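Peer 1: The structure is given below, and queries will be raised subsequently.
Each reported figure results from applying straightforward, stated rules to the coordinates on display, with no laboratory input. None of the values given here were measured: they were computed from a predicted structure. Neighbour counts are summed over all protein chains in view; Cβ atoms, including those assigned to glycine, are modelled from backbone coordinates with ideal geometry.
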Amino acid sequence: MSETFPGVIVIGAGPVGLFTAFALGMARMKALLVDALPAPGGQCAALYPEKPIYDIPAQPMILGAELIERLVSQAEPFDPAYHMNQRAQQLLACEGGWRLETEGGLVLTAPAVIIASGAGAFGPKRPPLEGLEQFEGISVHYMVKRAADLAGKRIAIAGGGDSAVDWAILLAKTAAKVWLIHRRPQFRAAGSSIDTLMALVAEGKIELVAPGQLAELKGESGRLSEVVIDDLAGGRKSLDADTLLCFFGLLGDPGAVASWGLEMQNGRIKTDPATMATSLPGVFAVGDIATYPGKLKLILTGFAEAALAARSAYGHVFPGQSLHEVHSTSLGLPGKTGP
Ligand SMILES: Cc1cc2nc3c(=O)[nH]c(=O)nc-3n(C[C@H](O)[C@H](O)[C@H](O)COP(=O)(O)OP(=O)(O)OC[C@H]3O[C@@H](n4cnc5c(N)ncnc54)[C@H](O)[C@@H]3O)c2cc1C
């Protein structure tokens, strides 16, 4: 990008925050994205990366993770700044606009803010195991970005819901070994998934460790060599796993957003659907966190809201100037003049 665009703070790098980065770029503004999670994608990446989505226009079917990859690459020409692992904590009015502070100590200021915080700053429920931190991100994970990365691994999966069961079924195709660990012999997953699971157990492709509970992790320098299981009857069993996936659910935290003085309705931010303006001047809301009469909590709705919010933010970033109607076909992208 030859020109430096002025920044607009975007809280949340879910699908709608990512498209907001693109929409801002088309209007000569740069997104300063802030997200509590380590990677962009919000619910699509964290909750259903390998599930097919059927209602994205012009995409008859697209996986959650694939949609996020495409949104990231669509915004790329505008060079958005990604501040990941940063949970937005305080939003305060300051000279020239707004000042955002995160729990991690990051401070950003901008004339306008677009809140795309969706279902909230969610993080995984972590098992209470000693020394867990040294393995996290190396051999203990709470989400799977690409099943292919785990091919040939010896994988212990802990949890009893849809995610644990679905991933056990999927990974059994390519892993060297899959154990499924759950406190109870019964699973809380879709009936058809449980049937598939039991068939794979019968074929010896998945080993059930139920009842069982994670008791201890062994290994060095973050590399797991053993997962010790408590059988809840006083006994212990050791699994020679090199990977542990924990699916105990996510802790949603609408948290800080609700304390910023915004007018709220049932935990969501009241917005004007014509502009996506909130009750605070220069602060806009889009996606699942935004509400107005007739709101549809869908990704495609959020995309249209992002375009409206970028347009509205323009007046705060370039006071006194108006944004002319421009089509992307005539505007082009930075460094690209033709198709
Ligand atoms: C299983 C499942 C299937 C679905 N299927 C479909 C479907 O087929 N079609 C469809 O249209 N929709 C579907 N949805 C809904 C869709 O995923 C949501 O509408 C969409 O994710 C909303 O996008 P968003 O960007 O507004 O919010 P989110 O995806 O929730 O992203 C919000 C982001 O903001 C971050 N954040 C929140 N608070 C803070 C904070 N204080 N500080 C920093 N970061 C913060 C979060 O970490 C997150 O990354 C599905 C949802 C689920 C759970």
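Peer 1: Pop the C-beta distance of Leu300 and Glu220 into the FRET formula with R0 = 35 Å and round what comes out to the nearest 0.05. Each step should come with its number before you reach the end.
Peer 2: Details: r = 48 Å, r/R0 = 1.36.
Rounded to the nearest 0.05, the efficiency is 0.15.
Peer 1: Would you mind classifying the chain by shape? Square roots of the alpha carbon gyration tensor eigenvalues, ordered a ≥ b ≥ c; an a/c under 1.5 is rounded, otherwise it is prolate if a/b is larger than b/c and oblate if not.
Peer 2: Values: a/c = 2.29, a/b = 2.00, b/c = 1.14.
Prolate, since a/c reaches 1.5 and a/b exceeds b/c.
Peer 1: A further question follows. Under the Karplus relation 6.51 cos²θ - 1.76 cosθ + 1.60, θ = phi - 60°, what is the ordered set of whole-Hz ³J(HN,Hα) values for the stretch 127-135, x standing for Gly and Pro?
Peer 2: Result, ordered by residue: x, x, 10, 5, x, 4, 4, 5, 9 Hz.
Peer 1: Net charge near Gly219, counting Lys/Arg +1 and Asp/Glu -1 over other residues with Cβ under 15 Å of its Cβ? Please report the intermediate quantities before stating the final value.
Peer 2: On the way: positive: Lys153, Arg154, Lys218, Arg223; negative: Glu130, Glu133, Glu136, Glu216, Glu220, Glu226, Asp240, Asp242.
Net local charge, Gly219 excluded: -4.
Peer 1: For the pairs Lys51/Lys237; Lys51/Lys153; Lys145/Lys270, flag any whose C-alpha to C-alpha distance is greater than 26 Å. Before the final figure, lay out each step's value.
Peer 2: Values: Lys51/Lys237 33 Å; Lys51/Lys153 22 Å; Lys145/Lys270 33 Å.
Where the Cα-Cα span goes over 26 Å, the pairs concerned are Lys51/Lys237; Lys145/Lys270.
Peer 1: Which of the GluC sites (Glu not before Pro) across the stretch 116-218 are loop residues per DSSP, with 13 or fewer other Cβ within 10 Å?
Peer 2: Sparse-neighbourhood loop GluC sites (Glu not before Pro): Glu130, Glu203.
Peer 1: With labels modelled as points extended 7 Å from the Cα through the Cβ direction, what inter-label distance (nm, one decimal) is found for Lys270 paired with Leu323?
Peer 2: 2.5 nm
Peer 1: Where both partners of a DSSP beta bridge lie in the chain, what percent of those bridges are antiparallel, to the nearest 5?
Peer 2: Of the beta bridges lying entirely in the chain, close to 50 percent run antiparallel.
Peer 1: What order do you get for 228-240, 154-166, 174-186, 96-108 when each peptide is scored by the mean count of other beta carbon atoms within 10 Å, highest first? Mind dumping the intermediate values first?
Peer 2: Numbers: 228-240: 13.1, 154-166: 22.3, 174-186: 18.5, 96-108: 16.2.
Packing order, densest peptide first, comes out as 154-166, 174-186, 96-108, 228-240.
Peer 1: Rounded, prolate or oblate: pick one for the stretch 32-92, where a ≥ b ≥ c are the square roots of the eigenvalues of its C-alpha gyration tensor, a/c under 1.5 means rounded, and failing that, prolate if a/b is larger than b/c, else oblate. Each step should come with its number before you reach the end.
Peer 2: Details: a/c = 2.63, a/b = 1.68, b/c = 1.57.
Prolate is the answer for the stretch 32-92, as a/c is 1.5 or above and a/b outweighs b/c.
Peer 1: Using the beta-carbon distance between Gln90 and Glu66 and R0 = 41 Å, what value does 1/(1 + (r/R0)^6) give for FRET efficiency, to the nearest 0.05? Kindly include the intermediate steps, with their values, before the conclusion.
Peer 2: Details: r = 35 Å, r/R0 = 0.86.
Between Gln90 and Glu66 the formula returns 0.70.
Peer 1: Which shape class applies to the stretch 126-246: rounded if a/c is under 1.5, otherwise prolate when a/b exceeds b/c and oblate if not, where a ≥ b ≥ c are the square roots of the Cα gyration tensor eigenvalues?
Peer 2: Oblate, since a/c reaches 1.5 and b/c is not below a/b.
Peer 1: Do the sum for the chain: with -39,500 (n - 2.57) for every DSSP H run of n ≥ 4, divided by all residues, what is the mean residue ellipticity at 222 nm, to the nearest 500 deg cm²/dmol? Present the calculation step by step, with values, prior to reporting the outcome.
Peer 2: Values: 8 runs with 79 residues, N = 339.
My calculation for the chain gives -7000 deg cm²/dmol from helical runs alone.
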